[in-house]
Structure formats: structure tokens, C-alpha cells
Amino acid sequence: MQPENVLSVTELTREIREVLQGHIGTVWVEGEISNHRLQSSGHQYFTLKDAGSQLSCVMFRGAARSGIRLGDGAQVQVQGEVSVYEPRGQYQMVVKQVQMKGKGGLQAQFEALKRKLYEEGLFDPSEKQPIPKYPRVVALITSPTGAAIQDMLNILTRRAPWIHVLVFPVRVQGQGVERETIRALEILNDAEAHGLPVPDTIVIGRGGGSIEDLWAYNEESLARAVYASRIPVISAVGHEIDFTIADFVADLRAPTPSAAAELLAPDAAELKRHFESLSRRLNGQLSVRLDQYEQTLDFIRRGALKSEPERQLQAAEQTVDDLEYRLKDAVREHLQALADQVAERQQTVTSHHPQVMLTEVTHRLENQAQQLKQLLLHRLERMEDDVSSKVKLLRNLGPESVLARGFSYTTDAHGKVITQEDEVAPGQTLVTRLRQGQVKSTVQ
């Protein structure tokens, strides 16, 4: 019995794909990446697994711009559609978005804002302001009770006690951190109007923490305030492994608050040694210069200028005359050399004049055109001879030559050539082709 509605493997696979895509749609799935493979095309293939099952995934190049580097062992959350890879009949997930598990939406927001501000040019190194090497006033925007302020003050007072430190207290965690930090930047950029000393540098600092603890420094409003600051800003938020949007926008990123203080405060002991070295060098040079002047004065006191001033002046005048002659001679030789160079370059320019080059090119093209014409004529003659010989051959081999020798051939009414007697039936009309004309006959 022949079954009805038999499907091919391809048809069944496509129906399964449509069911999966239509009923499941776009979903988020989390798990651990294994068997990760990055192709030269930019597409990424991997398996997403947990303790009980695994899912094949593919992320095409156009969707792979999340800024997250995938690899085996990574705990991730992926968004995409469940589909079927028809050639193998294997269901898989086509991934559209990826975010690290645990950081979730915050990491995605971080990468999106980072990409946006980068494209606007807020990270451009050419926009960065230089940090003063020897600042006189440094403003610290930080918590007045945290460990970060103590570390920075200890380093600044120990290494550079002459620096005037201005502490602007703000919250560094919780609600309102970015608003207070923005307000601090606005006041410090208008310090004179508020009766404050004008800072040479501003440091935004706090200790390390989770991405949630540091999130205020990833807000777009704070990033734009840092970028707009007319005073150079150093971002010293978190530990070395912590990166915030403020780090990328600031004029300088310090890995820790302590490192920021060390960058601002040159070691006083080292400066003292440097100045002492400069003093010794200066004293040595002054001594040498004074000795030279003393020897010159002694020569003048004892020299011939005192006893025979007229002879010394005549010798000096003669030296001046000699130098004048040599100068004129040198100028004359130099001018001649320049004239020779100008003539040589004039000749070069003339030989490369557009009109001269155009004439040469025109002659060359005319010669090439003539050669091409000769080649074409020769080729056409050969092709014409070849065609003539093939026409003769076709005429000799064609049916006209056979018919001319007294032969004929017979076809049915539709032009089909008859070669055997069993191809005809009684009463059928046949057409016999002769050299001139044709004869119709009926089969009996």
C-alpha cells in the first residue's frame, strides 16, 4: 500500500525549523561555553552547556560586535533564536547578543556607552590635556573619610610638601555620586568665583569595588562633565583591573589613587639631589668662564695692544680686507654653482615639458596604432582564408553536393528523415528531396 503525504528529509527538517522558530522565538539562555571555535570569516561556533544538557550555538560576524571576547569556560548569557541547521538536521541557537553572566545588563550598558562615546571622539588622545609636572594646587574629589584620601594625602605631604591640596568631599558610593562629582567639577572649574584657589590638576578617586559599586563612574553625564573640564582631570577609580568610562574620558588614568598621588608629586629628596647636581655643574661652568675672562684681561694688559695700538689696528684692518675678499670669492662661486643648478634643472624641465612629452607620446601612439592596424589586417586575412576553406569543405560535405551527384533523401510530412522501411505505414505521405525540387508520394 502506497502511504500518502510522504515527506522528504529536507521537507521534514524545514517543518521542524519553522515549528521551533515559530513557537520558541527569541529567548535568553545562560550557561558555560565549551568547544569555542573562531573562523577566519569572523563567525563563532560554540556549545553552551550546564549540568544537564548542552546546546549548539553560532554567532555570525555581524552580531559579534559586543566587545566581549568569548572562550571556553566563560559563563555567559546569550540571546537569540532556536533554529535548525538543515544539512545536518541539527537544532542550534543563532546568537544575536552576548553578555557575561553575573554582570548582565550592566556590562552590556558599559560596552554600549563606551562604543558611543568612542565614536563621538571623547576618547581621542589629541583631546587630552597635559598633566602639569610640578603642580602648585591639586584638588581631590573623593570621600573625606575613605582610605583613598588618606593614601593620597600621605604620599603628597611626604613627597611634595609644597603642594596645596584642596579636598572636595563627595560621596563615592550609592545614590547621587555622579551628581555630586559633576557639581564638584563645575565649582572647581570656576574656583575663583567661589573664593577657592584655582587647581592645576583635579583627581577623581576612590578605592576598588564591584561593577555595581563603581557604576556611578560609568554614567554618561559624568563622562561628559569630565570631558568638558578645562582643568586636567586624572581618573583614579578602583584598582588596576577596574576600568570605568571616566578612565577613558579623563586626561590621564591612574591605576589606583596612590598611583595618582605619586604621578603628581615628584620625590622631594630626588628633586634635592637633582638641584644639587645642577648647582655643581653651574658652579663648574662659572669657574671655567671666569678663568677664561681673567686670561683675556691679562693678555690685554700685557699684550701689544697697549704698546703698539696702531700696528694692531692695521693688522686687524688687513684681516678684515682678506676676509672680505674671501667672502666675495665664496659668494661668486656659490652663485655660479646655483646658476649651473638652475640651468641643469631648466634643461630637465624643458625635456619634461608637457608639450614635448605629449609629442613623444603622440608619435609612440601613432606607431603603435599602425602596428596594430597591420596586425589586425593580417589576422583578418588569415581568418578570411580559414572561413573560405571551411565553406568549401562544408559545401563538399553538405547535402547539396550529395544531391548534385544524383542522390536523394526522403522525409515524412514533418521533415523527419526516413532511413528504414518500418518507419513508414501504408497511406503515409512522403517527400523525396532532389537536387532541384521535391517529389511527394504515398506509401502502398
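The values are calculated or read from the model by the stated rules, or taken from the named source; none is laboratory data. Every value quoted in this text rests on a predicted model; they were computed, and no experiment measured them. As a convention, Cβ positions derive from the backbone with ideal geometry for all residues, glycine included, and neighbour counts pool all protein chains shown.
Brief remarks follow.
- Test: residue in the stretch 407-415 that is modelled with pLDDT of 80 or more and among the charged types (D, E, K, R): yes
- Residues in the stretch 107-158 that are assigned by TED's automatic domain parsing to the domain that holds ILE187, within 19 Å of VAL177 (Cβ to Cβ) and in contact with a helix residue (DSSP H, G or I) (Cβ under 7 Å, 6 or more places away or on another chain): ALA139, LEU140, ILE141, THR142, SER143, ALA148, MET152.
- For the stretch 349-361, the criterion of being acidic (Asp, Glu) and at pLDDT 85 or above is satisfied by no residue at all.
- Residues being assigned to a helix (DSSP H, G or I), at pLDDT below 80 and not polar (S, T, N, Q) - total across the stretch 97-138: 4
- Scanning the stretch 1-38 for residues that are in a loop (DSSP other than H, G, I, E, B), surrounded by fewer than 10 Cβ atoms within 10 Å (Cβ to Cβ) and free of Cβ contacts under 8 Å to residues at least 40 places away in the same chain gives MET1, GLN2, PRO3, GLU4, ASN5, VAL6, SER8.
- Here the stretch 85-96 is the region considered, the condition is being out of contact with any strand residue (DSSP E or B) (no Cβ under 9 Å at 6 or more places or on another chain) and charged (D, E, K, R), and the residue that is modelled with the lowest pLDDT is GLU86.
- Summed over the stretch 174-203, the residues that are acidic (Asp, Glu) and touching a Lys or Arg at 6+ places or on another chain (Cβ under 8 Å) give a count of 2.
Conditions tested, residue by residue: (1) in a helix (DSSP H, G or I); (2) closer than 30 Å to VAL439 by Cβ; (3) of a type in the set (A, V, I, L, M, F, W, C); (4) touching a Cys at 6+ places or on another chain (Cβ under 8 Å).
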residue	(1), (2), (3), (4)
TYR325	yes, no, no, no
LYS328	yes, no, no, no
GLU333	yes, no, no, no
GLU344	yes, no, no, no
LEU365	yes, no, yes, no
GLN368	yes, no, no, no
ARG382	yes, no, no, no
GLU400	yes, yes, no, no
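- Candidate set from the stretch 161-200 (those that are touching a residue at least 60 places away in the same chain (Cβ under 8 Å) and in contact with a strand residue (DSSP E or B) (Cβ under 9 Å, 6 or more places away or on another chain)); member that is farthest from ALA216 (Cα to Cα): ILE163
- Failed criterion for ILE187 (all others in (1) at pLDDT below 90; (2) closer than 21 Å to THR145 by Cβ; (3) aliphatic (A, V, I, L, M); (4) surrounded by fewer than 19 Cβ atoms within 10 Å (Cβ to Cβ) hold): (1)
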